[in-house]
Amino acid sequence: MGGLLQLARPVNCVMSAVGVIIGGVVAVGAGAWGEYARPLAFAAFAALAFTAGGNALNDLYDRETDRVNHPDRPLPSGALSVGAARAFAASAFAIATGLAVFVNVYCVAIVALNVTLMLAYEARLKAVGAPGNIVIAYLVGSLFLFAGATVLSTDLDPLLRATVLAILASCTTLGREITKDIEDMAGDVDRKTLPQRVGAKAAGGVAAAALGAGVVLSVVPWLYGILPLAYLAVVLPADIMFIYAALVSAANPARSQRVTKYAMVVALVAFLAGGLL
């Protein structure tokens, strides 16, 4: 059981669920704990299950390189068998799909698309670098799209609000994914990541540009009246952290991706605070 929990990475799973809930709050305000509370709950648990399955799939495909990069993970450490990890991943994806059925057909379609992209990423796209980074950036951003689809009705404004958050999340995630590849250059012997193709310095520049785009676009929710002025005050610390992460992405990728992760948590709090006000 301990190996399965480590495989799922519960903190990441909970963050995915929280992201869907926050997306719902930004999209429909008080409706998130009113008429849309039930479908958003199903959507949040579906996101949690999907993330668990994605993490398990990632560890399955990376079990050889993880012997170098992350030897403490359950598969390279021997805490969990490959068969158990495969069964867990399949079950998690099935649960995510089943929960989406209780929401609407749009959410089922998003889960199906995301499972397909996740499989393609692990089987092929991860090994070719930048396309894989883009897929992961979309998958993280799709948490907010998922929330928008959950509350979708004849009014498209909630979906547009959620889409803005999705774009912001995708930009910062792209920067973090590239930075992680810089950190893992030594162990990624079976992959042609962007840092391996163009070097750590150039890849760091791309990562910095993606993080910088997230900072610049962070004013859009306020500029177009999606979130109130108070949102800017809360998101400012996150922007400062993203800027710092961008500046050290090539020189200290481990610190950069760690700071980016913390900044994303602060940004989630900013979205939630803006949605509640």
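The values are calculated or read from the model by the stated rules, or taken from the named source; none is laboratory data. Keep in mind it's a predicted model, so treat the numbers as computed, not measured. Here the Cβ positions follow ideal geometry from the backbone for every residue, glycine too, while neighbour counts run over all protein chains shown.
Given the criteria touching a residue at least 24 places away in the same chain (Cβ under 8 Å), surrounded by fewer than 22 Cβ atoms within 10 Å (Cβ to Cβ), within 20 Å of Ile134 (Cα to Cα) and aliphatic (A, V, I, L, M), does Leu277 qualify? Show your work before the answer.
Working: touching a residue at least 24 places away in the same chain (Cβ under 8 Å): yes; surrounded by fewer than 22 Cβ atoms within 10 Å (Cβ to Cβ): yes; within 20 Å of Ile134 (Cα to Cα): no; aliphatic (A, V, I, L, M): yes.
No, not satisfied.
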Exercise for review: Would you check if Ala245 is surrounded by fewer than 22 Cβ atoms within 10 Å (Cβ to Cβ), of a type in the set (Gly, Ala, Ser) and outside any loop (DSSP other than H, G, I, E, B)?
Suggested key: no
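Select from the range 151-175 the residues that are outside any helix (DSSP H, G or I) and either of a type in the set (Gly, Ala, Ser) or within 12 Å of the chain's Cα centre (by Cα) (or both) and list them in ascending order.
Here is the first cut: in the range 151-175, the ones outside any helix (DSSP H, G or I) are 151-156.
Matches in the range 151-175: Ser153 only.
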Exercise for review: Could you tell me which of the residues Ala94, Ala56, Ala127, Ala90 is more than 30 Å from Ala207 (Cα to Cα), touching a residue at least 24 places away in the same chain (Cβ under 8 Å) and of a type in the set (A, V, I, L, M, F, W, C)?
Suggested key: Ala90
Review point. Quick one: would you say Phe50 is at pLDDT 90 or above and within 17 Å of Tyr121 (Cβ to Cβ)?
Key: yes
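Got a sec? Which of Ala209, Ala267, Ala200, Ala213 is among the hydrophobic types (A, V, I, L, M, F, W, C) and surrounded by fewer than 17 Cβ atoms within 10 Å (Cβ to Cβ)?
Numbers: Ala267 fails: surrounded by fewer than 17 Cβ atoms within 10 Å (Cβ to Cβ); Ala200 fails: surrounded by fewer than 17 Cβ atoms within 10 Å (Cβ to Cβ); Ala213 fails: surrounded by fewer than 17 Cβ atoms within 10 Å (Cβ to Cβ).
Criteria check complete, one pass: Ala209.
For the range 1-57, which positions are among the hydroxyl-bearing types (Ser, Thr, Tyr) and over 12 Å from the mean Cα position of the chain (by Cα)? Step through it out loud before you land on a result.
Residues of the range 1-57 that are among the hydroxyl-bearing types (Ser, Thr, Tyr), as a first pass: 16, 36, 51.
Hit for the range 1-57 is Tyr36, nothing else.
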Review point. When you scan the range 85-118, how many residues do you find that are buried (at least 16 other Cβ atoms within 10 Å of the Cβ) and hydrophobic (A, V, I, L, M, F, W, C)?
Key: 17
Practice item. Being more than 18 Å from the chain's Cα centre (by Cα), outside any loop (DSSP other than H, G, I, E, B) and modelled with pLDDT under 95 is the filter; apply it to the range 107-130 and report the residue that is farthest from Arg191 (Cα to Cα). Key: Ala123
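Can you go through Phe102, Phe93 and tell me which one is in contact with a Phe, Trp or Tyr (Cβ under 6 Å, 6 or more places away or on another chain) and over 24 Å from Val164 (Cα atoms)?
On the way: Phe93 fails: in contact with a Phe, Trp or Tyr (Cβ under 6 Å, 6 or more places away or on another chain).
Within the list Phe102, Phe93, the selection yields Phe102.
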